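Step one of this worksheet: look at the structure below.
Bear in mind these aren't lab numbers, they're just calculated from the coordinates by the rules spelled out. For clarity, every value in this text was computed on a predicted model and none was experimentally measured. Glycine also receives a Cβ, built like all others from the backbone with ideal geometry; neighbour counts cover every protein chain displayed.
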Amino acid sequence: MTELPTPLRRGMITPVSEVDARRLWRSIGARRAKVSPSAWDGVLRAAFTGAGLAALVLLAVAFFTSRLGAAGAVAMADGSDLGALEAPVHGADVLRLSDGSVLTRDSAARLRVLENDDTKLAVLVEAGRVRFDVKKGGPRRWVIECGLVSLEVVGTSFEVDRTPSRVRVDVLEGVVLARGEKLPDRVRRLSAGESLDVNGSADPESAGFEPPVLNRTAPVPAPPPSAPGSAVAGRSVTSPEDARAGEAARPWRELAKSAKYVDAYQALGEGGVAKASSGASVDDLLALADVARLSGHPGEAVAPLRRIADEHAGDPRAPLAMFTLGQILLGAEPAVAAARFEQAIAMGLPSSLVEDARAHVVEARARAGDREGARAAAARYAEAYPQGRHLAAVRRFAGVE
Amino acid sequence: MSALPEVGRVSDAELVARAKRGDASAEEAIYRRHLQTIAGVVLRLTRHRPDMEEVVQETFVIALEKLDSLRDGDALGGWLLQIAVRLVRRRLRRGALLRFFGFDAGTADSPLDALASDAFGPEECAELAVLDGVLGELPTEQRIAWLLRHAEGESVEEVAVACRCSVSTAKRRIAAAEARVQQHVRLKEIA
């Protein structure tokens, strides 16, 4: 009988890849945005007190679900496998699914099914234009991955048009939840008639990080004025716009210190982060980068972080700035991101971050299509960290699984 | 002033303090630092990747919302583990209940042998498969206690904290599980 060495975890794989880690973090952010503070007590009571009643409820739900019949994975309307979505098309194509949903794709469209079960269908739009008419009242959640943006829908009609550097979403009916690093607060709710246009940038480290354009077909109505006799009569009511104007008068540094990054961003005024970066100290440049990143304008953090590298390379925080710059550029400009991670390591990145940086180099090279570079970087990582926590992910990115 | 990490590792206590002040990057740093540990524990306990992802998300959502209740920031790791173990216990009990009443609770897609890295050879993987089967037959509390002790390397005291039970109860659960495990698998504790 062979002996197993304990603790067993030392011989176990890294459980979560970098891609999944990011995805989970986005989901965590979305969940936190949904649950109000007052609901937490109920959530925690359910989580931390006995499971007796919850188990009975779950049992009842499971019983009725089984009675109704679990929906199972989606198939084509003719019963064939959903793999037909991935087949190349010649000319426009209409695909009818077993749940009543319809996909209409143009000749340039490329799709891939990522997940398909009774609760979720996840599809990747790799390129082209696809119209989704998702059946209302269905049992499953649809997730449409489009690179720069992820869309979550339950029963809607919308169109996705993806090119190498841009994603456009037009909502025709219902509601779509869009998530992406380039969106303010990383999430946006789109209703019928609304569109989203996200540019992934064509120029390295440039103002190509255009903020996504949210078009509205109808103007947002102004909030009604407070009426006498109302709950707030006799008390001056400050509109959100006036409150923001007041905050914007405070210096941006003070607001950033209080973690009010959105207000700090507005307080920077015309020219914003880029203008304030000129001639700024390292402290201010780091603060400006934080203001940009944490107010939902990650692309604008590039300018102050670059200045740290170019003008303050000797500062002990420069390697950290390069590391952060690499992370910001990883999705849109992976080739440049790889260079920045390597620069951070060369500049003396703290040892606690070097392993992460080396793994990011592999990922960045893979994303940039540099297969040889990714493999070489993966070999360097594996040599340095034979039991590294990113080893599985590094192998996947390098294509050596 | 900056949310970028200082040169050298920032302590858990510092990250917690920053996060309590509303520093979003500190919150993400907390998540990044503890994700693999929590995910690994949860995956080895649940043996089901979708469940692992759900529990991991719930753990960090709860932790970040209730961070103010954590007085000792350096106890962050143990506190996160405690939250995760509670959530796992609830899931495992639900699964056992569903199976008891004849419902399919979903098959494990990540048994221990499927989680082995190249560090384990074929013979060891086979032993892991046997171990996984034995652990699957144990009562939930014994399985959790044993895995925390021998898969995660937690001390008996740490197991007790994670399981929110007394040290003697933790010892009793671990011993009961070991009595079953040792009939099928041999273990060697590596320092």
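Amide H contacts of A:Glu126 (H built 1.01 Å from N, in plane; Pro and chain starts excluded): A:Arg110, A:Leu111, A:Arg112 sit under 5 Å, all sequence-distant by 5 or more or on other chains.
In terms of the mean number of neighbouring beta-carbon atoms within 10 Å, the peptides A:110-119, A:189-198 order highest first as A:189-198, A:110-119.
Per residue of peptide A:10-22, the mean number of Cβ atoms on other chains within 10 Å of the residue Cβ is 6. For the residue pairs A:Lys34/B:Lys171; A:Lys120/B:Lys188; A:Lys135/B:Lys66; B:Lys20/B:Lys171; A:Lys136/A:Lys182, the C-alpha atoms sit more than 32 angstrom apart in A:Lys34/B:Lys171; A:Lys120/B:Lys188; A:Lys135/B:Lys66; B:Lys20/B:Lys171. Amide H to amide H, with H built 1.01 Å from N, A:Leu95 comes under 5 Å of A:Leu103, A:Thr104, A:Arg105, counting only residues 5 or more places away or on other chains.
Within the shell defined by Cβ-Cβ distances under 10 Å, the residues around B:Leu45 carry a net charge of +3, with Lys and Arg each +1 and Asp and Glu each -1. Along chain B, the exposed loop sites are trypsin sites (Lys or Arg not before Pro) outside DSSP states H, G, I, E and B with at most 15 other Cβ atoms within 10 Å, and the longest stretch free of them is B:72-163. Phi angles across segment B:16-28 convert, under the Karplus curve 6.51 cos²θ - 1.76 cosθ + 1.60 with θ = phi - 60°, into 3J(HN,Hα) values of 4, 4, 5, 4, 5, 8, x, 6, 5, 5, 5, 4, 5 Hz, Gly and Pro given as x. Ignoring aspartates and glutamates fewer than eight residues from A:Lys275 along the same chain, the ones with Cα atoms less than 13 angstrom from its Cα are A:Asp284, A:Glu300. For A:Ser150, the residues whose modelled amide H falls within less than 5 Å of its own, excluding neighbours fewer than 5 places apart on the same chain, are A:Arg179, A:Gly180.
What angle do you read, to the nearest 10 degrees and between 0 and 90, between the alpha-carbon axis of helix B:167-181 and the longest principal axis of chain B? For helix B:167-181, the angle is close to 40 degrees.
Once Lys and Arg get +1 and Asp and Glu get -1 on their Cβ, which of A:Ala303, A:Phe323, A:Ala393 lies farthest toward the positive end of the dipole of segment A:296-401? Farthest towards the positive pole: A:Ala393.
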